[in-house]
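A.B. asks: Okay, handing you the structure first.
The values are calculated or read from the model by the stated rules, or taken from the named source; none is laboratory data. All of these numbers come straight from a predicted model, not from anything done at the bench. Note that each Cβ is placed from the backbone with ideal geometry, even for glycine, and that neighbours are counted across all protein chains shown.
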Amino acid sequence: MSKLVAIYNDDKKLMDATEQLVSVKAPVEEIITPFVIEELLAKFHVKSNIPLLAFFYGVFGVTSVFAALYYTFVISYPLNIGGKPSFSLTFPVLMFIGTVLTTVLTTVITFFIQGKLYPGKKPEFEYPGINDDKMAVLIDKSKLTPQMETKLRAIFEATGAEKIDEV
């Protein structure tokens, strides 16, 4: 499957190109950037469920950490230190730390699972400089008519694409 690839080195030029691509209803397969561009996500209506999942992971973390601390300090191994109660003021600090740790670790794992990233995975698309400072717009050529391809090339040239290539 061949792709039409436009390489940009400036995010403003990329945003100009994506505005025009959306207006002509181009079949954009993917846009690869070395950093997150929030306007780009909004333009293509990309929503993420990571924030909602992070909230639920936080709720799970606070309840599981509380249960573990309560079981450890009150039920399983209560210590009487100077007459202080086993259910003490150290709980909130430990619960906060445990909740943050649980939320962060499970959110990162979820991010990797959703992105299908794992150790040793081969890249789906390779292009020189794409991991450094370049941004790429990938368009599936099988979904293009010759007129649409000409129009897209004109859009890429007009918006300042550094390179237009077929891969």
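A.B. asks: Look through region 146-167, keep the residues that are outside any loop (DSSP other than H, G, I, E, B) and polar (S, T, N, Q), and return whichever of them is surrounded by the most Cβ atoms within 10 Å (Cβ to Cβ).
C.D. replies: So, considering only residues that are outside any loop (DSSP other than H, G, I, E, B) and polar (S, T, N, Q), the one surrounded by the most Cβ atoms within 10 Å (Cβ to Cβ) is Thr150.
A.B. asks: Would you be able to say whether some residue in region 128-145 is out of contact with any His (no Cβ under 8 Å at 6 or more places or on another chain), surrounded by fewer than 13 Cβ atoms within 10 Å (Cβ to Cβ), small (Gly, Ala, Ser) and free of Cβ contacts under 8 Å to residues at least 40 places away in the same chain?
C.D. replies: Within region 128-145, none of the residues are out of contact with any His (no Cβ under 8 Å at 6 or more places or on another chain), surrounded by fewer than 13 Cβ atoms within 10 Å (Cβ to Cβ), small (Gly, Ala, Ser) and free of Cβ contacts under 8 Å to residues at least 40 places away in the same chain.
A.B. asks: Take region 154-166 and flag every residue that is of a type in the set (D, E, K, R) and either in contact with a Ser or Thr (Cβ under 6 Å, 6 or more places away or on another chain) or in contact (Cβ under 8 Å) with a residue 60 or more places away in the chain (or both). Walk me through it before giving the result.
C.D. replies: Initially, region 154-166 is screened for residues of a type in the set (D, E, K, R), giving 157, 162-163, 165-166.
Across region 154-166, the qualifying residues are Glu162, Lys163, Asp165, Glu166.
A.B. asks: In region 29-65, which residue that is modelled with pLDDT of 90 or more and in contact with a helix residue (DSSP H, G or I) (Cβ under 6 Å, 6 or more places away or on another chain) is farthest from Met148 (Cα to Cα)?
C.D. replies: Taking the candidates together, the pick is Val65.
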